[in-house]
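Report on the following structure.
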Amino acid sequence: MIVLLGTSTSYARIDGSPVAARKGLARFYEQTLAWGACQPYATDAKSKGLYEREGIQCARLYVPLNYENPDAGTITVGLLRRPAAEKDRRVGSLVVNPGGPGGSGMSHVANMQPGNPVGKRFDVVGFDPRGVGASQPRVQCLTDAERDAQRLRPKGESANQTEQENKFFVDRCAERSGIDLLRNVGTRDVVRDVDVLRGALRENKLTYLGYSYGTRIGTLYAEMFPRNVRAMVLDGAVETNSDKVAASARQAQGFEESFQRFAGWCAQRDCPIGRDTSAAESKFRQMIEPLKKTPLQVGDRKLSHSDANTAIIQAMYTDRLWETALKGLQELRQNKGTTLLQLADQYLGRAQDGTYSRIQDAFVAIRCVDEPPIKDRATLESNRRRLLELLGNDTIPTDETALGPCAFWPAPHTSEPHPPNVNGLPQVLVVSTTGDPATPYQSGVDLAQALGARLLTYNGNQHTAFLAGINCVDGVGTNYLVDLRLPETDAVC
């Protein structure tokens, strides 16, 4: 097994009263957005370059820190807009979230091709969820130096060591972010921000595009505000299944299947992991095993065992990175680690100047208030045994029996697992890719069924597909967003 990653698997339930009707929110819904230059919103080297591009505008959305007490203080959500290219045929605003949790919607929209199909007819609006990117204040846990050091430490040698590292991480989050922010960064509150954004954009109903974790935001919005939805494309669904062990197993299997497809492709080339695809995974583990004790020098940095593993995970997200992964493995065979380190940096949000995007900090902070934590080791051990049964292998890391950061989190969780309840929701579109490792195909099938949505299947090897230049997928999605025309039956591209 190459990796066992976690994704959010539960959906937040609130008390059922209409959120928008609660007192004290009108001023937020009615605010006027002051659009202007984007350069002041840059928070790292990547966004600095992106936000200098032409044709984009930025603004700040003011929202309550705590929706239960909206007079107790405000925070801001960063926004980036690319106005519709065909202004006389403009349909409205399309709100976009790229996933994560913790991904920057602002950077995603800035990086979109200006001529993409929906950009002609919509103002495309990306937002940095509360606590993320240009939103203020930001979740901050580890410094850049601490993150670099963490990557070099051996992983999983003992549960006790892992727990001590997790406690250190949580203490830094509380110290540098503040408990009040950590209490209020969950998806429940992000969804409320999205509805305030709808109001500030002067849209009677929301048109939304969510990728990966963004499908969770969309699903919860559909549950909390079903009659405020005009259209939704949810691409790369996270699990709606409350069985977290089964969800983890499904994702682990997704990455393993992607690695097997990569191994088959690699076998036709000068492949360091060999021509026998059944032995490729074992060969890869043998190649990176020495890095546990002796990280490989790469300039003034080092490639660790976890970095090499992370690099291959990154390459499994799309077959467009397979050539890069092959190059990295060929270099590793020659005791070089430049390409693998670059892939790991890409996954972890590290820029060339050594700064991190903080997506890893936000990822943990959001998940820890989104899901009930596991605080006893007996449950962890039971889950580990079940994973072994489901996956049929013995490569589950030993730190799977260590309490995770959420066990020590200083803020309570705000969600409970439950199936989505979306009475009154118009039919929406779910896109799912057969070879998607991070959000496996079946998760999209399940989400479409839970929402009563139309399902669009894409046969490919990548994580998410809409607006990736695939004519069939782009055509179906654009027809729906622009004209609300869905295929008569579930469709395949």
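Just a few scattered comments:
- Extents of the stretch 59-129, largest first, come to 42, 27, 16 Å (Cα atoms, principal axes, whole angstrom).
- Rounded to the nearest 20 debye, the dipole size of the stretch 182-336 about its Cα centre is 280 debye, using +1 on the Cβ of Lys and Arg and -1 on the Cβ of Asp and Glu.
- Cβ charges +1 (Lys, Arg) and -1 (Asp, Glu), total dipole of the stretch 306-426, debye: 140
- For the chain, the fraction of 1.4 Å probe accessible surface lying on carbon and sulfur atoms is 47 percent.
- In the stretch 355-475, Cα pairs under 8 Å separated by at least six residues give a relative contact order of 21 percent.
- Whole-Hz Karplus values for the stretch 436-441 come out as 7, x, 6, 10, x, 3 Hz, taken residue by residue from phi with 6.51 cos²θ - 1.76 cosθ + 1.60 and θ = phi - 60°; glycine and proline positions read x.
- Once the convex hull of all Cα atoms in the stretch 443-493 is built, its volume per residue stands at 80 Å³.
- Cα-based helix-to-principal-axis angle, 187-200 vs the chain, degrees rounded to 10: 40
- Within straight-line cross-link reach of LYS46, lysines at Cα separation under 25 Å, skipping those fewer than 8 residues along the same chain: LYS302, LYS327
- Using the 1.4 Å probe convention, the accessible area of the chain works out to 41 Å² per residue with neighbouring protein chains retained.
- Database remark: amide H of GLY337 closer than 5 angstrom to no amide H (H placed geometrically; neighbours at sequence offset of 5 or more, or on other chains; Pro and chain starts carry no H).
- Backbone phi angles across the stretch 370-378, fed through the Karplus curve with coefficients 6.51, -1.76 and 1.60 (θ = phi - 60°), yield HN-Hα couplings of 7, 10, x, x, 9, 10, 10, 6, 4 Hz in residue order; Gly and Pro are listed as x.
- Around the Cα centre of the chain, unit charges on the Cβ atoms of Lys, Arg, Asp and Glu (plus for the first two, minus for the last two) sum to a dipole of about 740 debye.
- Counting only Cα atoms, the size of the stretch 110-191 along its three principal axes is 55, 30, 21 Å, in decreasing order.
- The convex hull of the Cα atoms of the chain, projected and averaged over all directions, covers 21.8 nm².
- Förster radius 22 Å - calculated FRET efficiency between ARG377 and ALA246 (Cβ-Cβ, nearest 0.05): 0.60
- In the stretch 293-448, a dipole from Cβ-located charges (positive for Lys and Arg, negative for Asp and Glu) runs towards its positive end, and of PRO426, SER382, THR414 it is SER382 whose Cα lies farthest in that direction.
- Distance (nanometres) between label positions extended 7 Å along Cα→Cβ at ARG285 and TRP35: 5.4
- The 1.4 Å probe gives accessible areas that order THR318, THR187, THR294, largest first, as THR294, THR318, THR187.
- Helix-only CD estimate at 222 nm, as mean residue ellipticity for the chain, using -39500 (n - 2.57) per DSSP H run (n ≥ 4): -12000 deg cm²/dmol
- Of the Cα atoms belonging to the stretch 276-322, the radius of gyration and Dmax stand at 12.0, 36 Å.
- For the stretch 369-493, the fraction of C-alpha pairs farther apart than 20 angstrom is 62 percent.
- The solvent-accessible area of ASP300, taken with every protein chain present and a 1.4 Å probe, is close to 140 Å².
- For the stretch 55-65, Karplus couplings with θ = phi - 60° (6.51, -1.76, 1.60), whole Hz, Gly/Pro x: x, 10, 9, 10, 7, 10, 9, 8, 9, x, 4
- For the chain, the relative contact order works out to 20 percent when only alpha carbon pairs closer than 8 Å and six or more residues apart are counted.
- When the Cα positions of GLN31, LEU220, TYR356 are compared along the charge dipole of the chain, GLN31 comes out farthest toward the positive end, with charges on each C-beta of Lys, Arg, Asp and Glu.
- Taking the convex hull of Cα positions in the stretch 264-394, its mean projected area over all directions (nm²): 10.2
- Look at the alpha carbon pairs under 8 Å that are at least 6 residues apart: their mean separation over the length of the stretch 123-252 gives a relative contact order of 18 percent.
- Extension gain for GLN352-LYS327 works out to 7.0 nm (0.36 nm per residue, less the C-alpha to C-alpha distance).
- A dipole drawn for the stretch 100-196 from +1 and -1 charges on Cβ atoms has a positive end, and of GLN136, MET106, PHE168 the residue lying farthest that way is MET106.
- The H on the amide N of ARG301, modeled in the peptide plane, is under 5 Å from the matching H of no residue at least 5 residues off or on a different chain.
- Distances between every pair of Cα atoms in the stretch 139-254, grouped in 10 Å steps from 0 to the bin holding the largest one, split as 11, 26, 31, 23, 7, 1 percent.
The values are calculated or read from the model by the stated rules, or taken from the named source; none is laboratory data. Note that the structure is predicted; figures quoted are calculated from it, not measured. Neighbour counts run over all protein chains shown; Cβ positions are idealised from the backbone, glycine included. The accessibility values were calculated without ligands, DNA or RNA, using every heavy atom of the protein model including side chains. Shrake-Rupley method; radii C 1.70, N 1.55, O 1.52, S 1.80 Å.
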